[in-house]
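What follows is one structure encoded as C-alpha cells, with my remarks underneath.
The values are calculated or read from the model by the stated rules, or taken from the named source; none is laboratory data. These numbers were taken from a predicted model, which means no experiment stands behind them. Glycine gets a Cβ as well: all are built from the backbone with ideal geometry, and neighbour counts include every protein chain shown. To get the accessible areas, we keep the full protein, side chains included, count just its heavy atoms, and leave off ligands, DNA and RNA. Shrake-Rupley method; radii C 1.70, N 1.55, O 1.52, S 1.80 Å.
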Amino acid sequence: NISRNGIITVNRGDSFSLDVFVNLGTELEPIPYLMEQGDVLYFALMEPNQPFECALIRQAYTYESMNEEGVVSMDFPGEWTEFILPGNYYYQIKLVRPQEGANDLIDTIVPKTKITILD
C-alpha cells in the first residue's frame, strides 16, 4: 500500500513495486528529468535516525530503467524485506548526475519518507 503522501506499508517478505517520477522541480512546478548515460537513481531503506550511506537496502537504477515519460519502475523482490524486523523505517531516493571535471550533482528526488514493514 502506498499512500498519497508516499508512505509505504508492506508485509515483511512481500514483493512490491514503486513508480518514481524523476522531478527536479517542485510538486506544483515539476521539471521532469530524463536520465542520461552515467546518471544513477538510488533507492535506500534506512532505520530511523540513520544516514543514507548506512542503508539496510540500497538499489541503483540507470537511465535504462526509465521509460519515455521520465518514470523509473522500481521492483522490490520479497527477499529484500524477508529478514528485516517489522517496524517503522524510512526510504529516500537520490539522483546522482556525474559532472566532467567537477563534483557530481546530487538531487534528493524523494526526501526521507516513512515505510512500515508489517509481520
Would you pick out the residues in the stretch 61-89 that are within 17 Å of Val10 (Cα to Cα), open to solvent by 60 Å² or more (accessible area, probe 1.4 Å) and either β-branched (Val, Ile, Thr) or part of a helix (DSSP H, G or I) (or both)? Glu79, Trp80
Within the stretch 4-60, work out how many residues are crowded, with 17+ Cβ neighbours inside 10 Å and part of a loop (DSSP other than H, G, I, E, B). 5
Just the residues that are at pLDDT below 95 and closer than 18 Å to Thr113 by Cβ, please, taken from the stretch 60-71. Val71
Take the residues in the stretch 73-101 that are in contact (Cβ under 8 Å) with a residue 40 or more places away in the chain and small (Gly, Ala, Ser), then tell me which one is nearest to Asn23 (Cα to Cα). Ser73
Scope the stretch 98-119; condition open to solvent by 60 Å² or more (accessible area, probe 1.4 Å), in a strand (DSSP E or B) and of a type in the set (D, E, K, R); matching residues: Lys112, Lys114
Take Glu82 and tell me if it is charged (D, E, K, R) and either farther than 17 Å from Leu118 by Cβ or at pLDDT 95 or above (or both). no
Can you spot a residue in the stretch 50-68 that is more than 21 Å from Asp107 (Cα to Cα) and in contact with a Ser or Thr (Cβ under 8 Å, 6 or more places away or on another chain)? no
Does Leu95 satisfy the criteria of being open to solvent by 30 Å² or more (accessible area, probe 1.4 Å), hydrophobic (A, V, I, L, M, F, W, C) and modelled with pLDDT of 95 or more? no
